[in-house]
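Since the structure comes first, as C-alpha cells, the remarks are kept for the end.
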Amino acid sequence: MNEPLKNLLDAARKVPQSKADLEVQRRSFAYGNTHFENDKITREMVERIADETPMAGDINPTARR
C-alpha cells in the first residue's frame with residue numbers, strides 16, 4: 001500500500017460515523033450480500049425490510065412487545 005493511501009485510511013479511521021452513515025452502510029451490506037446469493041432481491045426489498053427492522057443498538061431488551 002502506498003503512503004498517501006495509508007495516510008487517508010488512517011485519517012478515515014478517526015472520523016466518527018453518524019447513525020445515518022451506519023444505516024446507509026447496513027442497508028448496502030444487506031443488499032450486497034443478499035443480492036449476491038439471490039438476484040431476485042431488490043434494493044426496494046432491502047429498504048422495506050430495513051424500515052421495519054431496528055438497528056441492534058436501538059433495540060431495548062427489556063421492552064415488551
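Each reported figure results from applying straightforward, stated rules to the coordinates on display, with no laboratory input. If you're wondering where the values come from, they're calculated on a predicted model, not measured in any experiment. As a convention, Cβ positions derive from the backbone with ideal geometry for all residues, glycine included, and neighbour counts pool all protein chains shown.
Looking at the chain, the pairs of alpha carbons with a distance over 17 Å make up 59% of the total.
Loop only by DSSP, 10 or fewer other Cβ within 10 Å of the Cβ. Give me the trypsin sites (Lys or Arg not before Pro) in segment 1-40 that pass, ordered by residue number.
Passing both the DSSP loop test and the Cβ count: 14, 40.
If you take all other residues with their beta carbon under 12 Å from the beta carbon of residue 17, and give Lys and Arg +1 and Asp and Glu -1, the sum is +2. What 222 nm value per residue comes from the helices of the chain, counting each DSSP H run with n ≥ 4 as -39,500 (n - 2.57) and dividing by all residues, nearest 500 deg cm²/dmol? Mean residue ellipticity, 222 nm, calculated: -19500 deg cm²/dmol. In this Cβ point-charge picture (+1 for Lys and Arg, -1 for Asp and Glu), the chain has a dipole of about 220 debye about its Cα centre.
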